[in-house]
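Engineer: Have a look at this one before I ask anything.
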Amino acid sequence: MSIFCILLRRELGAYFLNLTGYVIIAAVALLTGLSFVVLLQNLGSGPSPMPVTEMFYRTYFFWLIVLLVSPVITMRLYALEKASGTFETLTTTPVGDVQIVASKFVAAQIFYLFAWLPLVACLLIVRHFTQQNAGLDAGTAGGMALGIGLTGSLFLSLGCFASSLSRSQVAAAMISFGLGVSLFSLGFLAAALPATSEWQNQALAYFGLFEQMHDFARGVVDTRTVVFYVSATFFFLFLTLRVVESRRWK
Amino acid sequence: MIQVSNLTKRYAGRTAVDDISFTVERGEIVGLLGPNGAGKSTTMRVLSGFMPATSGTVRVAGLDVFHDSDAVRRRIGYMPENNPLYPEMRVREYLKFRARIKGLGWRQSRARVTTVMEQCGLADVGRRVIGQLSKGYKQRVGLADALVHDPELIILDEPTIGLDPQQIRSVRALIKSLGGRHTVLISTHILPEVEMMCGRVLIMLGGRVLASDTPENLQRRMAGGNQIIAEIAAPENELRTMFESLPEVESFNLSPGEGDYFRCALTPQAGSDLRPIIYQLAREKNWSLRELTRSRHTLEDIYMQVTQPATEEGE
């Protein structure tokens, strides 16, 4: 456990002691700010039946952050270490591969959530100036936070996997972006397909990230969705672990 | 300490290390000598447990590097080629991080980091960011990292590459001081370096170990090809008759130097040292002698000799 904490500290240090980390934070703040502008326009144009969080998620910038930023956050995790050779110094210490994979993922997740912090400020501003508690309650805010965390962990685990495959950070980012967009589009496939068989649609519905996030933003937390996200995250982390271990049998 | 038997490592379509065997005793400083692509780094990577061998076994302190990987990694301090470091970390912070992940406790790691920083001359740069250090300092940080958990076996892949002469000297002195207490395996392609530091040399070429001996023995084996240069002021014909009459001189070559001096390039018979003989003769005949040197063998000479033993012996 203590080795995990030491590795986690180093990984977090790599994010926060680097210019790249702050560029990512600035980019997320910009996108959050843009969706805030859209939100204010919507609020100004007339009364709305939706909670504020749902309106936030409806702006396209929200998905842009999820799809675009997670590959950028995760691309350096393995690719940079492999390219610079520090992966060799890391794996020739008595540190376990599980600890390496876990610490990198958790650091990425913490950094990702940190980058989302401006959203809290946006929501508080809306609440302060509208002076309406109905638009933003603990339930919807909590659901939104959970949704952001879970979609984040799915896409970040995907990014970890992509980064472990390559020595090039650009390639890693492109692989995880490609996989992420594919996964995201899978949900729309269900609507496009004719309802020939029930099970196909049901299976595809699990991948309806857009719809699931909609639920989260309204404060509806479905256990099936949570289980889906958590298990998909573990699946990709397991694949990452396999890739990291693969050097032992190559 | 190290037992390598029939180690082979193949990459896709290329054999990097081809059925090599050697042993290293505890406390020895052994140099792996060879040109680029000879398989030195691959051997070291297998030894450090980074990569598995395609076939053959490698044991460190009696433990198999593949099956008891964890226990072996605890006993090894490894500095890879090009000395990779985390550039955003500070020197002390980095060494402490490395000490901790190598299994040292908090208190213990503090003490060890202070010790190795003194040992490697890093005491003044502890708070500097690694990325901004000069190459020499970075190299020392890498060395300090390899030493920080006080390992039994230290593996250094080209530890002096890219350093200036002053830094090379201090690194060599440091490595030399490690012998006895630690077992050290270093790789290099600089022969004088091996002579200065190592008790034994393994010459690798094309994935094979071609020779394994002490530097002195290797030099002696090369003595047949050695040349002695002497500058003597004497009449040319007298010099000629003298060299022809000496049984230790296999062949010689005279060329006129400045003034009365002649530059004599002498090839001695294998195993003999001509220098005292020349000096004695010059003193007896009262000739003035202003230079007497043995031209040292370069790595290339040794390669030539080691890689073509059949043609050499056939002559």
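Engineer: Which residue is farthest from A:PRO94 (Cα to Cα), if the candidates are limited to segment B:93-127 and must be touching a residue at least 12 places away in the same chain (Cβ under 8 Å) and touching a Phe, Trp or Tyr at 6+ places or on another chain (Cβ under 8 Å)?
Structural biologist: Top of the filtered list is B:VAL125.
Engineer: Does at least one position in segment B:97-105 carry a residue that is buried (at least 20 other Cβ atoms within 10 Å of the Cβ), more than 9 Å from chain A (Cβ to nearest Cβ) and of a type in the set (Lys, Arg)?
Structural biologist: Within segment B:97-105, not a single residue is buried (at least 20 other Cβ atoms within 10 Å of the Cβ), more than 9 Å from chain A (Cβ to nearest Cβ) and of a type in the set (Lys, Arg).
Engineer: When you scan segment A:63-72, do you find a residue that is exposed (fewer than 15 other Cβ atoms within 10 Å of the Cβ) and modelled with pLDDT under 85, even just one?
Structural biologist: no
Engineer: Filtering segment B:194-220 down to residues that are charged (D, E, K, R) and modelled with pLDDT of 85 or more, which residue is nearest to B:THR8 (Cα to Cα)?
Structural biologist: Checked segment B:194-220; the qualifying residue nearest to B:THR8 (Cα to Cα) is B:ARG208.
Engineer: Moving to a separate point now. Can you tell me how many residues in segment B:2-32 are among the hydrophobic types (A, V, I, L, M, F, W, C) and outside any strand (DSSP E or B)?
Structural biologist: Qualifying residue count for the region: 1.
Engineer: Then there's this: State all residues of segment B:76-112 that are more than 19 Å from A:PHE87 (Cα to Cα) and not aliphatic (A, V, I, L, M); if no residue qualifies, say none.
Structural biologist: B:ARG92, B:GLY105, B:TRP106, B:ARG107, B:GLN108, B:SER109, B:ARG110, B:ARG112
Engineer: Let me spell it out: the conditions are (1) more than 8 Å from chain A (Cβ to nearest Cβ); (2) among the β-branched types (Val, Ile, Thr); (3) over 20 Å from A:ARG9 (Cβ atoms), and B:ILE76 meets all of them except one. Which number is the exception?
Structural biologist: (1)
Engineer: Is it true that B:ALA223 is of a type in the set (Gly, Ala, Ser), closer than 30 Å to B:ILE190 by Cβ, surrounded by 15 or more Cβ atoms within 10 Å (Cβ to Cβ) and modelled with pLDDT of 70 or more?
Structural biologist: The answer is no for B:ALA223.
Engineer: Here is a follow-up. Residue check: is A:GLU81 crowded, with 23+ Cβ neighbours inside 10 Å and of a type in the set (Asp, Glu)?
Structural biologist: Criteria met by A:GLU81.
Engineer: I need the full set of residues from segment B:39-58 which are of a type in the set (Gly, Ala, Ser) and out of contact with any helix residue (DSSP H, G or I) (no Cβ under 7 Å at 6 or more places or on another chain), in order please.
Structural biologist: B:GLY39, B:SER41, B:SER48, B:SER55, B:GLY56
Engineer: Sort out which residues of segment A:51-84 are charged (D, E, K, R) and within 26 Å of A:LEU123 (Cβ to Cβ), and write them in order of number.
Structural biologist: A:GLU54, A:ARG58
Each row is one residue, and each column tells you yes or no for (1) more than 10 Å from every other protein chain (Cβ to nearest Cβ); (2) in a helix (DSSP H, G or I); (3) in contact with a Phe, Trp or Tyr (Cβ under 8 Å, 6 or more places away or on another chain).
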residue: B:VAL46; (1), (2), (3): yes, yes, no
residue: B:ALA53; (1), (2), (3): yes, no, yes
residue: B:ASP70; (1), (2), (3): no, yes, no
residue: B:LEU85; (1), (2), (3): no, no, yes
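Engineer: Those residues that are modelled with pLDDT of 90 or more and closer than 18 Å to A:GLN99 by Cα, I need them from segment B:99-114; list them, please.
Structural biologist: B:ALA99, B:ARG100, B:ILE101, B:LYS102
Engineer: Going by the conditions given, is B:ASN36 in contact with a helix residue (DSSP H, G or I) (Cβ under 6 Å, 6 or more places away or on another chain), in a loop (DSSP other than H, G, I, E, B) and either within 11 Å of chain A (Cβ to nearest Cβ) or touching a residue at least 60 places away in the same chain (Cβ under 8 Å) (or both)?
Structural biologist: For B:ASN36, the condition - in contact with a helix residue (DSSP H, G or I) (Cβ under 6 Å, 6 or more places away or on another chain), in a loop (DSSP other than H, G, I, E, B) and either within 11 Å of chain A (Cβ to nearest Cβ) or touching a residue at least 60 places away in the same chain (Cβ under 8 Å) (or both) - is not met.
Engineer: Let me ask another. When you check B:GLU81 against the structure, is it within 13 Å of chain A (Cβ to nearest Cβ) and either surrounded by fewer than 18 Cβ atoms within 10 Å (Cβ to Cβ) or assigned to a strand (DSSP E or B) (or both), yes or no?
Structural biologist: yes
The values are calculated or read from the model by the stated rules, or taken from the named source; none is laboratory data. As the structure is a prediction and not an experimental result, all values here were calculated from the model. No Cβ is skipped: glycine too gets one built from the backbone with ideal geometry, and neighbour counts run over all protein chains shown.
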